[in-house]
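Let me begin by presenting the structure, written as structure tokens, before commenting on it.
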Amino acid sequence: MDFDEFKESLGIGDQAAMSHALESISNSIAIRIREGNPLSEEERARTRDIVDQARALRIQEFSGSDPAARAADRIPERHHYAAYSVVRALAEQDREPQNDFADDRVRSVYESHRHYLERRASDPTINKEAFV
């Protein structure tokens with residue numbers, strides 16, 4: 001996982017670089033899950049902090065107090081979607097739910113994915129081998 005690449009892209013405010021770094025982290029987690037090598041508590045904590053930082057950062061801000069400006073400010077940016085991918089990867093690797101994120105939307109993504117995983121695991125009509 002490339003935490004340093006994310007930190008560098010965060011420092012310069014490059015959305016594409018941040019998104020790429022977050023996608024790399026998400027992919028690394030998925031590979032480790034397949035290999036049966038989940039993140040350590042320290043790695044998970046650093047990953048959670050990165051997600052929280054990415055979600056808190058707004059590159060495009062709209063000024064004004066009218067409803068359109070407020071609505072535009074709530075639209076997730078490219079790096080936010082990449083952060084959600086990391087959150088879903090963490091939800092898959094956590095044996096017990098650890099929804100310890102700072103942002104409400106991120107907590108909602110985590111909880112939603114955990115519910116999805118539980119439904120998928122308990123539904124006998126789903127061919128679980130097809131997901132591998």
Next on the checklist: Filter the range 48-73 down to the residues that are in contact with a helix residue (DSSP H, G or I) (Cβ under 9 Å, 6 or more places away or on another chain) and over 19 Å from Ile25 (Cα atoms) and list them by number.
Outcome noted: Arg58, Ile59, Gln60, Glu61, Phe62, Ser63, Gly64
Next on the checklist: I'd like to know if the range 66-76 contains one or more residues that are of a type in the set (Gly, Ala, Ser) and in contact with a Leu (Cβ under 7 Å, 6 or more places away or on another chain).
Outcome noted: no
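Can you work out which of the residues in the range 29-81 that are assigned to a helix (DSSP H, G or I) and β-branched (Val, Ile, Thr) is surrounded by the fewest Cβ atoms within 10 Å (Cβ to Cβ)? Walk me through it before giving the result.
The first filter runs over the range 29-81 and keeps only residues assigned to a helix (DSSP H, G or I), leaving 29-34, 41-56, 67-74, 78-81.
Now restrict to residues that are β-branched (Val, Ile, Thr): 29, 31, 33, 47, 50-51.
Working: Ile29: 23, Ile31: 12, Ile33: 15, Thr47: 24, Ile50: 21, Val51: 28.
Selected residue: Ile31.
Read-outs: derived from the displayed coordinates by stated rules, not from any lab. Treat the numbers as computed from the prediction; the structure is a model and nothing was measured. Counting neighbours? That spans all protein chains shown, and the Cβs are built from the backbone with ideal geometry, glycine included.
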